[in-house]
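S.K.: One structure is given below, represented as structure tokens, and several questions about it will come after.
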Amino acid sequence: MITKLKYFKTFFLNYKNVMLKAIFYEIVYSIIYSIKYFEFGSHILKSENKNATDIVPCAYYFLHEISNFINEKNIKNIVDLGSGFGRTANFLSDNTKANITGYELNKKVFKKSLMLKNRNVRFFNKNIMQVNYDKIKSQCFIMIDPFTKNEDTIKLQKKIIQSRTSKKNTFYLITVNINKKLLNKNLKNLKSIKTGKKGVINFLVKN
């Protein structure tokens, strides 16, 4: 209950600048996906790992903006870093032509996500800090504030950038609710959408 109350408070603070839009998208898409998956339970869960943030859904308003960006850039492969119950992956698979891979640390949440996933979505039960990014072929990575420690956010970006260096291809990093001060300076910020106290999407690129 405390985690849910905390989420709703955070939702108000982070999306207060676009509150009507945020609420509209939450209502509409929550109804759509509840019917599609016949899934009406809460997807908010306190983290069992002290280094990982609580498992809360990304706002559908943000997912709408992210899907527009992916379609604009014609991105075909995406990695969701901390995929939770699969809201982000499933929404993007429905609204873009991309194939989505998600990594989720919590085993219980991972198993639930397998029951809800779309066809062009793959989920793996793995710590995103331990993934071998050199073997991943992806044009885009999505980080929805997965860590409690700033140093982990910084470290993961470095791992991804280093893994892309030898490939010499353009790749994108989309961050949600992560402070700009934590973003790697080797990434160019194409645009930001600020919606409240900590609510922000950053669309980054590395050529």
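The values are calculated or read from the model by the stated rules, or taken from the named source; none is laboratory data. Here the structure is a predicted model, which is why all the values come from computation and not from measurement. FYI the Cβ positions are ideal-geometry reconstructions off the backbone, even for glycines, and counts take in every protein chain you see.
S.K.: Can you name the number of the only condition in (1) of a type in the set (F, W, Y); (2) over 18 Å from the mean Cα position of the chain (by Cα); (3) at pLDDT below 90; (4) surrounded by 13 or more Cβ atoms within 10 Å (Cβ to Cβ) that F24 fails?
M.R.: (3)
A quick yes/no check of all residues on (1) at pLDDT 95 or above; (2) more than 15 Å from the chain's Cα centre (by Cα):
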position: D134; (1), (2): no, yes
position: D145; (1), (2): no, no
position: I154; (1), (2): yes, yes
position: T170; (1), (2): no, yes
position: L182; (1), (2): yes, yes
position: N202; (1), (2): yes, no
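S.K.: Could you identify the single residue in I31, I66 that is more than 17 Å from V109 (Cα to Cα), surrounded by 18 or more Cβ atoms within 10 Å (Cβ to Cβ) and out of contact with any helix residue (DSSP H, G or I) (no Cβ under 6 Å at 6 or more places or on another chain)?
M.R.: I66
S.K.: For K97, all conditions in the list (1) in a loop (DSSP other than H, G, I, E, B); (2) crowded, with 22+ Cβ neighbours inside 10 Å hold save one; what is the number of the exception?
M.R.: If we test K97 against (1) in a loop (DSSP other than H, G, I, E, B); (2) crowded, with 22+ Cβ neighbours inside 10 Å, just (2) comes out false.
Residue-wise test of (1) in contact with a strand residue (DSSP E or B) (Cβ under 7 Å, 6 or more places away or on another chain); (2) within 23 Å of L204 (Cβ to Cβ).
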site: K73; (1), (2): yes, yes
site: N95; (1), (2): no, yes
site: I100; (1), (2): yes, yes
site: L105; (1), (2): yes, no
site: N120; (1), (2): yes, no
site: N132; (1), (2): no, yes
site: F141; (1), (2): yes, yes
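S.K.: Could you tell me which residue of the stretch 107-129 is surrounded by the most Cβ atoms within 10 Å (Cβ to Cβ), considering only residues that are polar (S, T, N, Q) and at pLDDT 95 or above?
M.R.: Top of the filtered list is N125.
S.K.: Limited to the stretch 34-63, what total is found for residues that are farther than 12 Å from F91 by Cα and in contact with a helix residue (DSSP H, G or I) (Cβ under 8 Å, 6 or more places away or on another chain)?
M.R.: Residues meeting the conditions: 12.
S.K.: Restricting attention to the stretch 100-134, report how many residues are assigned to a loop (DSSP other than H, G, I, E, B) and over 11 Å from S83 (Cβ atoms).
M.R.: 8
S.K.: A follow-up question, please. Just a yes or no: is a residue in the stretch 48-56 farther than 21 Å from F147 by Cα and among the hydroxyl-bearing types (S, T, Y)?
M.R.: no
S.K.: A further question on this structure: Taking the criterion of being more than 17 Å from S113 (Cβ to Cβ), within 13 Å of the chain's Cα centre (by Cα) and among the β-branched types (V, I, T), would at least one residue in the stretch 49-69 satisfy it?
M.R.: Checked against the condition, which is being more than 17 Å from S113 (Cβ to Cβ), within 13 Å of the chain's Cα centre (by Cα) and among the β-branched types (V, I, T), the stretch 49-69 yields at least one hit.
S.K.: Return the residue satisfying two criteria in turn: it lies in the stretch 160-207 and is assigned to a helix (DSSP H, G or I) and touching a helix residue (DSSP H, G or I) at 6+ places or on another chain (Cβ under 6 Å), and of such residues it is nearest to Y15 (Cα to Cα).
M.R.: Checking each candidate, the answer is L182.
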